[in-house]
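Peer 1: I'd like to ask some things about the structure below.
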Amino acid sequence: MHSDKMQFKIAGMDCAEEVSVLKKELGPIVGGDGNLSFDVLNEILTVSCCSSEVPPETIQTAVARTGMAAVVWRNVPEPIQKQTFFERWGRTLLTVISGLLTLAGFATHLVMTQSIQEAIGSEGMGVTHQTPLPARILYGLGILTGAWFVLPRAFLALRRIQPDMNLLMTISVVGAAAIGDWFEASTVAFLFSVSLLLEKWSVGHARRAVETLLDLTPPMARILDSHGHQKEVAPDQVSVGSMLLVKPGERFPLDGRVTQGNSYVNQAPMTGESLPIAKSVGDIVFAGTINGDGALEIQSTKTAGTTTLAHLIHMVSEAQSRRSHSEQWVEKFARTYTPVVLALALAIFIIPPILLGGSWHDWFYRSLVLLVIACPCALVISTPVSIVAAIAAAARQGVLIKGGAFIELPGRLKAIAFDKTGTLTHGQPSVVAVIPLNGHSDEELLERVSSLESRSEHPLGKSILTHAQAKNVQIRAVEDYQIVPGKGATARLDGKTFWLGSRRYLEERGQATDELLVKLDTLSQQGVTFVIVGNEHHVCGYVALADTVRPDALNSVQALRDLGIAPIVMLTGDNASTAQVIAKAVGVDEVKADLLPAEKVSAIESLVSEYGSVAMVGDGVNDAPAMACSSLGIAMGAAGSDTALETADIALMSDDLSRLPWLVRHSRRTLGIIRANIIFALAIKILFVVLTMFGFASLWAAIAADMGASLLVIFNGLRLLNPMIDRRDH
């Protein structure tokens, strides 16, 4: 029997809670939840079983029972479905309306009763306050709009007899309204809606990261037939072995091998190399990388779905769907807390009257008190308020944190890995030395090379021009400028012919000396590249360029080590000699060079396996899979690629590495406040459970304690808005 995989697009699969529900519903049908895999990022469910045994219709019917919808997914391009206004903005709109209605209800109650005590809560001792009808209507509408997306899930949880936070929140809201505390009911509905809105927003950003990756692949490939005629087709229509033409400045549509031509290729999106790489016949090129100044003919070696870029996209999607430790903890907590609270309230209502002959009315009232105090309002509020305050404070320090789960992780880090190019270094070649030869001066050499480079689009040429302009060097017009593909260029200046280019071009012209070659080899071993300038008679000199270390890198690495984070590892696609030079300059503990994206992922997985909580700091598309599979992905926000920025959990918007040790200290402070809030909120609840059992608690006291606890944890959390600044951070 043929075994295959079925894929479904699941509408409404946004977080771990839906994944848990789907596992319980589908696991028995497909032979265990081991046959299910979930890509939350793209809302894709993969079923690894035999479709002849479990037809797609069976899966779709089972998914429908959870309140979600499944559509067979064939992984082919489809027309973009334009969202309706409500589909796009409905959750945000209803949350805002819920908050406004809650405020309006409170204001109405306050005006009509002229008593803030009446507007806030109870009259005590089992006699609930009377909320005016207009205020009740406003509160009721606030509850309905705030719980609009919660009620269906709560109903399904009740029907499946699988209590979750949605069900507990709904019971708490209904219970609060039933005893007359409409303000509390509406407030809880609004706050829970806010938390769901933030969750939806973060998943949406993650989805756009993959869309950015997809943009790297050009929409067409230029096929050459046996007669040299060109034909443009979609990359997914190109078979292995086809001949393709890639013009200067274009992206490569597929992986392939160069069969004709010379050029420099910017491979930074794939391998992280800091400088363009010379490509000639026989060299490998990757889909998504950018051709330089020479046309290349390549023979495709992979189909569109199996290119290095396609694997990179898949790795990002797969890694993003892995759940964080915080999500797992929340699920376990809800799985335990919710049934215990419901069972305890029911037991208090039923057992004493039956076994002890107590008053049904009295014990029903006590069960209501327990439901009110058991409402996880303070617990629900304590963490989000602290998180929001911590995120806001971090934003003021130039650190963008994309969600609550990611503010906690820096404080738990055991190890950290850095990309080299654009992270520990600036990511751009800079002139580090101008070396004149054969009687020429620095200014004369720089004038000649910058004049020739003024006609070039090469990244090295742009760096030289920037340096020359900073030195106020005169850039003069040249004539007969010609590119020598993959090697350099020639031009006439003041009637004389000059050339510039690489070591290979120097040797081809026969102007190399043993002494000069030794100097150039020494520079290469130090991670320095160079542009050589000469005329028809001799070499005029050369300009040395290198990707320089960020000035704050050394101190930041040491500060992280002082905080107990070790090892500190550098992962790079650059060559080993260049990597070792940078590693020594910044003081990392370990360096791994010549890595492709998949190898970076393996290195991160190894670190995670050994140390547990590991961060990956990077800036390029090639870093995205490693960021996604690490415990915490951190991107250089100002200069980093859009994909790295969207895939990462945290972005350093000012590219300031000193923010990393500050972030660790800020996270640890946040964790301390969150723990204090949770302990305090739980202590209040435990206290009132005991008081309720012995009849010493009333509704007004329970509500006052719950709201008082909520206010205290809010104010405690808001202390994070004023971050503690350490002199070491500057």
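No value in this document is a laboratory result; all are computed from the given coordinates. In this text, all values refer to a predicted model and were calculated from it rather than measured experimentally. Glycine also receives a Cβ, built like all others from the backbone with ideal geometry; neighbour counts cover every protein chain displayed.
Peer 1: Amide H to amide H, which residues 5 or more places from R476 or on other chains are under 5 Å from it, using H placed in the peptide plane?
Peer 2: S451
Peer 1: Setting aside same-chain residues fewer than 8 positions from K496, which lysines have a Cα under 28 Å from its Cα?
Peer 2: Correct list for K496: K462, K471, K487, K519.
Peer 1: Now for a different question. Using the Kirkwood radius over Cα pairs, work out the Stokes-Einstein diffusion coefficient for the range 531-682 at 20 °C and 1.002 mPa s, in µm²/s as a whole number.
Peer 2: Details: Rh = 17.4 Å.
The diffusion coefficient I find is 123 µm²/s.
Peer 1: Run through the range 413-476 and list the trypsin sites (Lys or Arg not before Pro) located in a DSSP loop whose Cβ has at most 15 other Cβ atoms within 10 Å.
Peer 2: R455, K471, R476
Peer 1: Which shape class, rounded, prolate or oblate, goes with the range 450-558 when its Cα gyration tensor gives a ≥ b ≥ c as root eigenvalues, a/c under 1.5 marks rounded, and past that a/b bigger than b/c marks prolate?
Peer 2: Details: a/c = 2.41, a/b = 1.40, b/c = 1.72.
It comes out oblate by the Cα gyration axes.
Peer 1: Around V569, what is the net charge, scoring Lys/Arg as +1 and Asp/Glu as -1 over all other residues with Cβ under 10 Å from its Cβ?
Peer 2: Numbers: positive: K592; negative: D589, E590.
Result for the local shell: -1.
Peer 1: K414: which lysines have alpha carbons under 30 Å from its alpha carbon, excluding same-chain residues fewer than 8 sequence positions away?
Peer 2: K200, K332, K402, K584, K592, K600
Peer 1: Ordered by residue, what ³J(HN,Hα) values in Hz, to whole numbers, does the range 101-114 give under the Karplus form 6.51 cos²θ - 1.76 cosθ + 1.60, where θ = phi - 60° and Gly and Pro are x?
Peer 2: 5, 4, 5, 5, x, 5, 5, 5, 4, 5, 5, 6, 9, 6
Peer 1: Show the residues, 5+ positions off or on another chain, whose built amide H is closer than 5 Å to the amide H of L595.
Peer 2: Those qualifying (amide H under 5 Å, at least 5 residues apart or on another chain) are T572, G573, D574.
Peer 1: Collect residues whose amide H, placed 1.01 Å from N in the peptide plane, falls under 5 Å from the amide H of G427; neighbours closer than 5 in sequence don't count.
Peer 2: It is G422, T548, by chain and number.
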